[in-house]
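What follows draws every value from the coordinates through simple rules; no lab data is involved. Everything numeric here is computed off the predicted structure, so don't read it as measured data. Here the Cβ is made from the backbone with ideal geometry for all residues, glycine too, and neighbour counts use every protein chain on show.
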Amino acid sequence: MRNPFIAGSFVRAENFFGRDALLREILDGPRNSLWVVGARRLGKTSLLKQLEYVAQESSQSPWVPLYWDIQGAADPRGLADLLIEAVEDSEPFRRATGVVADDLEGAPAHEILAILLRRAVRSGWRLLLLIDEGEELITVAGHDPAVLPRLRRVLQKGPELRAVVTSTRRLARIDEASPLATSPFLAGLIPPLYLTPLQQDEALRLLDRGGFDARDARAIAERTACHPFLLQLIASRFFESRDLAATLEQAAADEMLANFFLSDVHSMEAAERDLLLRIAAEPGCDRSALGAAAGVAPGRADEVLLALRMLGYLSERDGRWTVGNWFFERWLRRTPAAAGAAEAGGRP
Ligand SMILES: Nc1ncnc2c1ncn2[C@@H]1O[C@H](COP(=O)(O)OP(=O)(O)OP(=O)(O)O)[C@@H](O)[C@H]1O
Ligand SMILES: [Mg+2]
């Protein structure tokens, strides 16, 4: 039997597990512009690729999907080029709408979007625009702040257009970076939906693919706290090694995971890091022990805790707070200096 686990690239179709309610809300819910916040490797690209897949496969679907990865755009020209690339890459989109990528050359992104929308509607579709790596907009707006209000105007053209933006929490800062505070970009996108770790039953269904002993499967779900990437990584390695204890120990000392965790901690704001490190130092503490976190306004601490819990960095049970999963906790314990340096040094 071949290793059925995929740890690294995005997953979709029969390799995509869970997130039913989120998919339904995005495809059938009332909002025409949505922002989905997820931590690194929590499955943002997979979610968008699954939306694209579902929309393409279902004969009932009113949507013609277009997946637009804006990572590396850097400036408005780059943004437009990546949009044209997205059209070039999607034969189904071009077939459904009759759009020819060459016709879009030279136009700015908001004009291209307007053209795509017109063509989609004329062909009887609603446009489902799936924007990945949304934080790139901060960099693009740094080159030309006028991009944001122009984009925002197109993105809010609903109901013929539904836009889904995925990003980490960092996109929350986009309106601080923009001098054009009169039209906050996020206004139409909030409140965000959170991409959480999987549910226990979804995780166990995924692990079923490995034909593991039920006790081992439960142990993997528990240690990873159903974080989809960690689940797949551990399951994949266990599938090969057949030695769960060794697989867990090796992963806990793994350089790649350590680098992932370090960059996660680096990308946090001071208040987030402060609360995380306190909980790491005092696992199982209750809310009152966290009350006076340095530099965190009382009302904001609850908001930060909620966000970190939704993203899988923290977990809370019966009022007791712990680090989100065993690997992250082990790393924090093993590397207080690295986490502390992140705290002192701020974001890179
Ligand atoms: N719904 C899912 N079902 C099963 N596995 C998943 C799912 N979502 C994510 N994964 C696992 O997590 C890994 C990372 O997924 P993905 O690339 O979609 O995350 P991401 O949030 O886009 O990551 P990045 O922050 O690097 O862009 C996948 O390779 C897969 O192992
Ligand atoms: Mg991604």
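A simple packing score, the average count of other Cβ atoms within 10 Å per residue, orders the peptides 247-253, 75-81 as 75-81, 247-253, with the highest score first. Counted residue by residue at 0.36 nm each, then reduced by the alpha carbon distance between them, the extension gain from S58 to R317 reaches 89.3 nm.
For segment 269-278, backbone phi angles converted through the Karplus equation (6.51, -1.76, 1.60; θ = phi - 60°) give residue-by-residue couplings of 7, 3, 5, 5, 5, 4, 5, 4, 5, 5 Hz, Gly and Pro being listed as x.
Tell me, E160, E135, E176 in order of fewest to most beta-carbon neighbours within 10 Å?
In order of increasing Cβ crowding within 10 Å: E176, E160, E135.
Assuming a ≥ b ≥ c are the square roots of the Cα gyration tensor eigenvalues, decide whether the chain counts as rounded (a/c under 1.5), prolate (otherwise, with a/b larger than b/c) or oblate. Oblate, since a/c reaches 1.5 and b/c is not below a/b. Each DSSP beta bridge with both residues in the chain is either parallel or antiparallel, and the antiparallel ones are about 25%. Estimated from the Cβ-Cβ distance and a Förster radius of 41 angstrom, the FRET efficiency linking S241 and D201 is about 0.95. This ranking places S288, S46 by how few other beta-carbon atoms lie within 10 Å of each, fewest first, which gives S288, S46. Between R95 and Q71, residue separation times 0.36 nm minus the direct Cα-Cα distance comes to 6.1 nm.
Take every Cα pair under 8 Å in segment 200-252 that's 6+ residues apart, average their separations, divide by the length, and report that relative contact order as a whole percent. Averaging sequence separation for qualifying contacts and normalising by length gives 31 percent for segment 200-252.
Taking the number of other C-beta atoms within 10 Å as the exposure measure, put Y53, Y194 in order starting with the fewest.
Y53, Y194
Toward the positive end of the charge dipole of the chain, with +1 on the Cβ of Lys and Arg and -1 on the Cβ of Asp and Glu, the farthest Cα among Q60, A114, L257 is that of Q60.
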